[in-house]
Amino acid sequence: MGFLAESLNRIQPSATIAVSMKARQLKAAGRDIISLGAGEPDFDTPENVKNAIKAALDKGATKYTDVDGIPELKAAIVAKFARDNDLAYKPSQISVGTGGKQVLYNALLATLNPGDEVIIPAPCWVSYADIVLLGGATPVFVATTMEDGFRLQPEALEKAITPKTKWFMFNSPSNPTGAAYGLEDIKKLTDVLVRHPHVWVMTDDMYEHLIFDGLKFYTPAQVEPRLYERTLTVNGLSKAYCMTGLRIGYAGGPEPLINAMRKLQSQSTSNPTSVIQWGAVEALNGPQDFIAEHNTEFAKRRDLVVSMLNQAKGIACPKPQGAFYVYPSCAGAIGKTTAKGTKIGNDEDFVTALLEEEGVACVHGAAFEGSPAFRISYATSTEALEEACKRIQRFCGNLT
Ligand code: GLU
């Protein structure tokens, strides 16, 4: 349609959101659907956070706030960075937005020019590349492999850097693979980055707290202080604090970049919802012990799903150490035909037929630049996961 902006032709609708919406529609229409599409914890938002939001409403905190966050929230974020990441930021170095996605969007749109390149290790979250494309720049995907646990290797990073590279996007634990980088893994990458002073680092730490098997979380500016001046450390409340729909994300970084992000946000959404910012203050300053309890449960679910998927014909599922996703290969299903006669030509055919024939919703690997595979979010009940895995086993077992 000629009326629409040409820039829209460069991007796709978010596949994670499309799958979740489709699953919701099918459920509403009465179908028996198990949705493993959306990356969203099934645990309720903590009570103290809900109470803080209600209290903010009652005290009339319903007016405009500073565009990129109330001072109390910026102070809580400064304290969080110091406490968890050994990172010293001033409040003037903090930006708060309506979800991590807006923060990433602000940072990319505020800095990209045509011709710029952004290095993205793949498989990667669906929105990175599309935001880069909206900004008129070029995503440069660097493949990781299942053998390397989907962790980017330093040689591959070195090879991808050109004089045009503006940003390196880093995401650990990873959406969609669940891959988590240890201290040594990150150090190898930051050693490369130190040698290329024109490359900035955008690190998406959204899954920081969702890390298992005793692995400790590190973020690049913490591992390599020489990168501090050119790193934007992005995080959010959605996953660890079960606040997906409440939409609060934030970042710490160099002041000029934070100022540019504020300028952009002042001409789009203005401030994140006032009362939710008060909920975020409570989430960051309040008790954190529920996170470990959730992780114990998540790790159990991961083990169940990995074991059951590896019993499905043609599926190979690695066991990741973070986030709440597994990213199994469905290479063994490609070229086969389903019980209802659908030919599986690629991973999108696989997930479409799985939804049609067994009512299990997940996201195809092509959406994450990593085929043939699919992403399962195991942030749902054990019963639902068991049933979904049984259905996947049946679906794969019936392929001919
Ligand atoms: N980040 C989540 C996911 O990957 C939520 C949906 C989205 O924004 O992509 O499923």
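Show the residue pairs meeting these rules: Cβ distance below 8 Å; 6+ apart or different chains; first residue within the stretch 87-101 and at negative phi and within 16 Å of the ligand (Cβ to nearest atom); second residue open to solvent by less than 20 Å² (accessible area, probe 1.4 Å) and part of a helix (DSSP H, G or I).
GLY97/VAL103; GLY97/ASN106; GLY97/MET261; GLY97/GLN265; LYS101/SER127
Residues of the stretch 13-52 being polar (S, T, N, Q), away from the ligand (no atom under 16 Å from the Cβ) and touching an Asp or Glu at 6+ places or on another chain (Cβ under 9 Å), which ones?
ASN48, ASN51
Kindly evaluate TYR64 against the criterion of being more than 30 Å from SER381 (Cα to Cα), within 16 Å of the ligand (Cβ to nearest atom) and either in a helix (DSSP H, G or I) or over 19 Å from the mean Cα position of the chain (by Cα) (or both).
Numbers: more than 30 Å from SER381 (Cα to Cα): yes; within 16 Å of the ligand (Cβ to nearest atom): no; either in a helix (DSSP H, G or I) or over 19 Å from the mean Cα position of the chain (by Cα) (or both): yes.
Judged against the criteria, TYR64 is not a match.
With GLY60, GLY39 as the choices, which residue is at pLDDT below 95 and either farther than 22 Å from ASP289 by Cβ or among the hydroxyl-bearing types (Ser, Thr, Tyr) (or both)?
Testing whether each residue is at pLDDT below 95 and either farther than 22 Å from ASP289 by Cβ or among the hydroxyl-bearing types (Ser, Thr, Tyr) (or both) leaves just GLY39.
If the Cβ limit is 6 Å and pairs must be 6+ apart or interchain, which residue in the stretch 243-269 that is of a type in the set (Val, Ile, Thr) pairs with which residue that is open to solvent by less than 10 Å² (accessible area, probe 1.4 Å)?
THR244/SER238; ILE248/LEU237; ILE248/PRO272; ILE248/ALA280; ILE258/SER95
Scanning for something closer than 25 Å to PRO173 by Cα, small (Gly, Ala, Ser) and open to solvent by 40 Å² or more (accessible area, probe 1.4 Å), does the stretch 335-357 turn up at least one residue?
no
So the check is Cβ under 8 Å with 6+ separation or different chains; which pairs have a first residue in the stretch 286-304 that's over 13 Å from THR380 (Cβ atoms) and a second one that's surrounded by 14 or more Cβ atoms within 10 Å (Cβ to Cβ) and among the basic types (Lys, Arg)?
Cβ pairs passing all conditions: ASP303/LYS319.
Among the residues of the stretch 353-394, write down those that are part of a helix (DSSP H, G or I), in contact (Cβ under 8 Å) with a residue 60 or more places away in the chain and farther than 30 Å from ILE120 by Cα.
Our first condition is that a residue be part of a helix (DSSP H, G or I); within the stretch 353-394, this holds for 353-358, 365-368, 382-394.
Add one more test, that the residue is in contact (Cβ under 8 Å) with a residue 60 or more places away in the chain, and what stays is 355, 365, 367-368, 382, 384-393.
Across the stretch 353-394, the qualifying residues are THR382, ALA384, LEU385, GLU386, GLU387, ALA388, CYS389, LYS390, ARG391, ILE392, GLN393.
Within the stretch 293-323, which residues are over 19 Å from GLY182 (Cβ atoms), part of a loop (DSSP other than H, G, I, E, B) and out of contact with any Pro (no Cβ under 6 Å at 6 or more places or on another chain)?
Of everything in the stretch 293-323, those that are over 19 Å from GLY182 (Cβ atoms), part of a loop (DSSP other than H, G, I, E, B) and out of contact with any Pro (no Cβ under 6 Å at 6 or more places or on another chain) turn out to be GLN311, ALA312, LYS313, GLY314.
Among the residues of the stretch 72-83, are any in contact with a helix residue (DSSP H, G or I) (Cβ under 7 Å, 6 or more places away or on another chain), within 16 Å of the ligand (Cβ to nearest atom) and of a type in the set (Asp, Glu)?
No.
For the stretch 126-157: of the residues being within 18 Å of the chain's Cα centre (by Cα) and of a type outside the set (A, V, I, L, M, F, W, C), which is nearest to PRO173 (Cα to Cα)?
Within the stretch 126-157, the match that is nearest to PRO173 (Cα to Cα) is ARG151.
Of all residues in the stretch 117-173, which are among the acidic types (Asp, Glu) and either buried (at least 24 other Cβ atoms within 10 Å of the Cβ) or part of a loop (DSSP other than H, G, I, E, B) (or both)?
GLU147, ASP148
The values are calculated or read from the model by the stated rules, or taken from the named source; none is laboratory data. Source: prediction; values computed, not measured. FYI the Cβ positions are ideal-geometry reconstructions off the backbone, even for glycines, and counts take in every protein chain you see. Surface accessibility is based on the protein's heavy atoms, side chains included, excluding ligands, DNA and RNA. Shrake-Rupley method; radii C 1.70, N 1.55, O 1.52, S 1.80 Å.
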